[in-house]
Amino acid sequence: MAIGAGAGLLLVMMLGVLGANQVVAIGSIAAVLGGIVSLGSNVSTLRQTMAAVSAAETLRSDLIGSIDLRVVGNGR
């Protein structure tokens, strides 16, 4: 959202709708850069989480496979 808002604000400023204001230009550039950093951080965290979940599932599967199960009951 921040990337889109910042880019939109830059576009509006360049078209002359708001005028050439330095504060608006700096704010919109900061919004774009902040959005990019936030997106990169979220993607990186998602990848790390998915790798940890995959490793945990593999360990769980290996542990369940190593259990010596017995049939309990009359076997019907």
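The values are calculated or read from the model by the stated rules, or taken from the named source; none is laboratory data. Quick caveat: nothing in here was measured; it's all calculated off a predicted structure. So basically every Cβ, Gly included, is an ideal-geometry build from the backbone, and we count neighbours across all protein chains shown. Heads up: the accessible areas ignore ligands, DNA and RNA and are worked out on the full protein's heavy atoms, side chains in. Shrake-Rupley method; radii C 1.70, N 1.55, O 1.52, S 1.80 Å.
A few notes on this one:
- Test: Ser54 is without any contact (Cβ under 8 Å) to a residue 12 or more places away in the chain and either among the small types (Gly, Ala, Ser) or in contact with a helix residue (DSSP H, G or I) (Cβ under 6 Å, 6 or more places away or on another chain) (or both): yes
- Test: residue in the range 11-18 that is open to solvent by less than 60 Å² (accessible area, probe 1.4 Å), in a helix (DSSP H, G or I) and among the β-branched types (Val, Ile, Thr): yes
- Residue match in the range 16-35 (condition: more than 14 Å from Ala2 (Cα to Cα), hydrophobic (A, V, I, L, M, F, W, C), without any contact (Cβ under 8 Å) to a residue 12 or more places away in the chain and in contact with a helix residue (DSSP H, G or I) (Cβ under 6 Å, 6 or more places away or on another chain)): yes
- Any chance Ser28 is of a type in the set (Ser, Thr, Tyr), touching a Leu at 6+ places or on another chain (Cβ under 9 Å) and surrounded by 13 or more Cβ atoms within 10 Å (Cβ to Cβ): yes
- Meets criteria (part of a helix (DSSP H, G or I), among the polar types (S, T, N, Q) and more than 19 Å from Val12 (Cα to Cα)) for Ser28: no
- Looking across the range 57-71, the residues that are aliphatic (A, V, I, L, M) and either at pLDDT below 85 or under 30 Å from Ala7 (Cβ atoms) (or both) come down to Leu69, Val71.
- If you go through the range 48-76 and keep only what is open to solvent by 70 Å² or more (accessible area, probe 1.4 Å) and hydrophobic (A, V, I, L, M, F, W, C), you end up with Met50, Leu59, Leu63, Ile64, Ile67, Leu69, Val71, Val72.
Conditions (1) assigned to a helix (DSSP H, G or I); (2) of a type outside the set (A, V, I, L, M); (3) at pLDDT 80 or above, marked per residue:
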residue: Leu9; (1), (2), (3): yes, no, no
residue: Val37; (1), (2), (3): yes, no, yes
residue: Asn42; (1), (2), (3): yes, yes, yes
residue: Ala55; (1), (2), (3): yes, no, yes
